[in-house]
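Written out below as structure tokens is the structure these notes cover.
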Amino acid sequence: MKMPEDEIRAIVAETLAEQHRLQQDSIDAIVLKAVASVMASFGIEDDDRKEVRADFQHLRRWRKSVEQAQSYTFKAVIMVIATGLMGAVWLGVKVMLGK
């Protein structure tokens, strides 16, 4: 009894797909265990996920506000330097015209 080639291909494809699903499930389980053990080594338990997320959100907001403050500080310093230079040029022009 000979099986059609299309049926053989379907069986092989189905077998390979099932093997891939099983491998993916085992990889997911291994990764989950690894991440859980790393987090546990940092003192973070599974029950603390919401608190950890809130902590990271707070840190992100803090980082963005510090970056924004640095940007404003840099702009203010540039403005002070530019104003000082313009004042020096103005005084120089005023002294030159006064002679």
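The values are calculated or read from the model by the stated rules, or taken from the named source; none is laboratory data. For clarity, every value in this text was computed on a predicted model and none was experimentally measured. Don't worry about glycine lacking a Cβ; one is built from the backbone with ideal geometry, like all the others, and counts go over all protein chains shown. Side chains included, ligands, DNA and RNA excluded: accessible areas come from the protein's heavy atoms. Shrake-Rupley method; radii C 1.70, N 1.55, O 1.52, S 1.80 Å.
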Check: Taking the condition among the charged types (D, E, K, R), on the phi < 0 side of the Ramachandran plot, modelled with pLDDT of 95 or more and open to solvent by 60 Å² or more (accessible area, probe 1.4 Å), does Lys75 pass?
Finding: yes
Item checked: Condition met for Val80 (part of a helix (DSSP H, G or I), open to solvent by less than 90 Å² (accessible area, probe 1.4 Å), at pLDDT 85 or above and hydrophobic (A, V, I, L, M, F, W, C)) -> no
Next item on the list: Of the conditions (1) at pLDDT below 90; (2) open to solvent by less than 80 Å² (accessible area, probe 1.4 Å); (3) among the β-branched types (Val, Ile, Thr), Ile11 clears all except one; give me its number.
Entry: (2)
Notebook entry, point to check: Under 7 Å by Cβ, and 6 or more places apart or on different chains, what pairs join a residue from the stretch 45-68 that is surrounded by 10 or more Cβ atoms within 10 Å (Cβ to Cβ) with one that is not in a helix (DSSP H, G or I)?
Noted result: Val52/Ile44
